[in-house]
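These notes concern the structure reproduced below.
Quick note: the coordinates plus some simple rules give every number you see, no bench work behind them. Since we're looking at a predicted model, the values are computed, not measured. Don't worry about glycine lacking a Cβ; one is built from the backbone with ideal geometry, like all the others, and counts go over all protein chains shown.
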Amino acid sequence: MDNELLAETAAATTDKKCAQPVYRALYDGQCEICQACVSWLKTLDREHKTICLPISEAALSACDSRLRMDDCLRQLHVVAPEGEIYAGWDAVTCLARLFPLTRLIGVMGEWFPFRQLGRICYGFVAANRYSLSKCRGGTCRVAKPETVRRQAKLSAFWSCYLLGFFIRLPLVLWSGLSGAAQRVSIFFRAYHRRLDLLDGKLTIFFLNGVLPNTVPLLFGELFTAVVYDGVAVDPGSPKMRRSLTAHLQRAKPRIAKVVATHAHEEHVGNLNWLSERTGAPVWVSAMTAEFLTPFKKLPWVRAVIIGQPPNLKPPYHILGETVDTASGYLQVLATPGHCDDHIVLYDPKEKLLLAGDAFMGSYFATPNPDVDSLKWLASLERLMELDIEILVEGHGHIHTLRADIPNFPGVVIRQDPKVAISQKLEYLRWLREQIEAGFQERLPVRVIEASCFPWGRRTSWESCATDECIRLLSLGHFSRTELVRSFVRTGTELLPTVYEVRISGRDELRP
Ligand SMILES: [Zn+2]
């Protein structure tokens with residue numbers, strides 16, 4: 001069973017009283033139409049008035065002893081807080097009355113002739129839902145891939161997947177739009193801003209630039225330079241130099257070292273430049289130095305938007321196990337995964353982790369072509385051994401529960417960093433399982449990709465519009481397909497992107 005479903009079932013079954021003021025909706029977790037309706041319900045239900053439970057013997061007996069498995073499988077059942085049971089169309093109107101957007105439907109659905117009409121329509125869909133969603137549970141799990149493949153060349157799988165998609169299409173578009181509005185609001189709040197934290201020990205400079213600004217607006221990744229206790233980390237790309245200059249003139253931070261976490265263009269474009277400006281030497285890992293001399297030619301989209309970084313010029317120093325700061329030291333930990341040369345910096349005294357791009361949110365579905373998710377998993381497992389109270393990401397987010405870090409909506413996320421990392425670990429492990437099973441069953445990559453984004457998982461449709469925009473705008477360099485490929489990397493050689501494969505006519509994703 002899906003983790004989200006498991007958690008919900010557990011929450012419901014452990015709560016033996018079943019008497020809190022919530023409506024319990026029992027739905028068929030194997031039916032694509034039922035699952036899609038649950039997505040709608042969860043979106044409408046902002047105040048958590050309902051709990052959706054996939055039907056199981058345990059869920060039914062924990063919820064109400066009057067519920068019968070056969071009845072529940074035939075139509076939707078809702079148990080009201082007062083104990084009343086509604087079924088079929090009456091359950092639909094009961095739920096509809098709970099939310100302002102659908103209240104009118106709920107009230108009118110009780111009246112003649114709408115009630116009678118509603119019951120007929122509901123009965124028709126309920127009786128025929130399996131012929132509409134052809135493979136039971138297919139989109140959530142390819143339970144019997146051999147059968148599915150033999151029967152209809154996966155057409156049952158795709159018709160089920162598309163049905164789930166089209167029922168949720170308004171939700172997909174709405175999430176895409178509200179996500180975009182949120183990104184715009186965070187972008188303007190952080191525009192040319194500076195955050196001074198921990199009595200000035202930690203400063204975050206938000207970097208802007210005409211073309212680089214498209215990235216936070218479209219994808220939500222803010223650009224930053226971090227100065228921690230005299231160490232400048234990842235000072236941006238050449239196209240963000242004006243913004244960085246303005247910050248340096250205003251804040252006049254003390255900088256004794258310039259460090260890069262990894263050789264991606266938005267992190268390493270100003271290493272020598274900042275070093276010359278401040279007299280602070282550059283420190284990078286041996287592998288990052290190798291990647292920067294010379295820096296590979298970027299794909300044109302990234303070169304135009306972020307800027308091609310110059311090659312790293314000597315003199316520079318190679319990072320050891322620690323790097324001294326003004327008042328202490330930072331541990332340097334290799335964390336390959338996001339890319340092979342990635343390192344993070346950890347202050348054990350402050351319990352602070354400068355994570356660079358080694359975290360990037362618990363749910364991140366459009367990786368770059370040099371991500372190796374298996375290595376990333378191992379790196380995150382190592383980070384779980386650290387005691388972390390403040391996690392500073394390379395793209396502006398700070399995860400912490402500490403009260404001495406003030407609120408900054410969209411940037412400071414009130415979440416225990418270890419919980420955030422463990423959620424990401426759990427997600428990556430689940431993906432690994434899906435992908436390994438898919439390849440073992442010799443399913444086409446497109447099907448494996450779809451099975452990694454089942455519509456039953458909220459993140460799949462919520463980020464669908466954004467993920468597909470990213471795929472389109474980056475010409476396939478950052479995409480959900482890359483996520484699948486990132487689990488089957490062999491060796492250090494980069495795989496071609498899907499677009500390159502199409503153009504050159506090679507029809508394989510595995511070397
Ligand atoms: Zn990166």
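Return a whole-number percent for the relative contact order of the chain, with Cα pairs under 8 Å and 6 or more residues apart as the contact set. Intermediate results must be reported in sequence, preceding the final value.
On the way: 853 pairs, mean separation 56.2, N = 511.
Once normalised by length, the contact order is 11 percent.
The stretch between Arg432 and Leu177, if pulled fully straight at 0.36 nm per residue, gains 88.8 nm over its current Cα-Cα span.
Projected label points at Gln415 and Ser65, each 7 Å from Cα along the beta carbon direction, are separated by 4.1 nanometres. Over the range 3-129, the reciprocal of the mean inverse Cα-Cα separation, the Kirkwood hydrodynamic radius, stands at 14.8 Å.
Each of Val210, Ile413, Thr322 was placed along the dipole of the chain (beta-carbon charges, centred on the mean Cα), and the one lying farthest toward the positive end is Val210.
With all pairs of different alpha carbon atoms counted, what Kirkwood hydrodynamic radius in Å does the range 190-428 show? Please list the in-between numbers first.
Numbers: mean 1/r = 0.0566 Å⁻¹.
After inverting the mean inverse Cα-Cα distance, the result is 17.7 Å.
A Förster distance of 56 Å, applied to the separation of the beta-carbon atoms of Ala246 and Lys49, puts the FRET efficiency at 0.70.
Relative to the globular-protein estimate of 2.2 N^0.38 Å, the Cα radius of gyration of the range 151-258 stands at 1.61.
Work out the FRET efficiency for Leu104 and Leu198 from their Cβ-Cβ distance, taking R0 = 51 Å, and round it to the nearest 0.05. Once the sixth-power term is evaluated, E becomes 0.45. Length available on full extension from Glu468 to Ala403: 0.36 nm per residue minus the Cα-Cα distance, which gives 19.7 nm.
Of all the C-alpha pairs in the chain, what % are more than 35 Å from each other? Before the final figure, lay out each step's value.
Working: 54539 of 130305 pairs.
In whole percent, the long-distance tail amounts to 42.
Using θ = phi - 60° in the Karplus curve 6.51 cos²θ - 1.76 cosθ + 1.60, the 3J(HN,Hα) couplings for the range 477-483 round to 5, 10, 7, 5, 5, 4, 5 Hz; x is entered for Gly and Pro. Shown in residue order for the range 84-99 are the 3J(HN,Hα) couplings computed by the Karplus curve 6.51 cos²θ - 1.76 cosθ + 1.60 at θ = phi - 60°: 5, 10, 10, 10, x, 4, 5, 5, 5, 5, 4, 5, 4, 5, 6, 10 Hz (x for Gly and Pro). Near Met360, the amide H atoms lying under 5 Å from its own belong to Gly394; only residues 5 or more places off or on other chains count, and H is placed 1.01 Å from N.
Close amide H pairs (under 5 Å, H built 1.01 Å from N) link Thr335 with His342, Ile343, Val344, residues at least 5 positions away or on another chain.
Computed extension gain for Gln440 through Trp300, at 0.36 nm per residue and net of the alpha carbon distance, reaches 46.8 nm.
Each peptide among 339-350, 382-393, 258-269 gets the average number of other Cβ atoms lying within 10 Å of its residues, and from highest to lowest they stand as 258-269, 339-350, 382-393.
Between Arg97 and Leu217, the simple label model (points 7 Å from Cα in the Cβ direction) yields a spacing of 4.8 nm. With θ taken as phi - 60° and the Karplus curve 6.51 cos²θ - 1.76 cosθ + 1.60 applied, the whole-hertz 3J(HN,Hα) list for the range 78-83 is 10, 9, 6, x, 7, x Hz, x standing for glycine and proline. Amide H contacts of Val259 (H built 1.01 Å from N, in plane; Pro and chain starts excluded): Ala232, Val233, Asp234, Trp283 sit under 5 Å, all sequence-distant by 5 or more or on other chains. Dividing the Cα radius of gyration of the range 172-232 by 2.2 N^0.38 Å, with N the residue count, gives 1.32.
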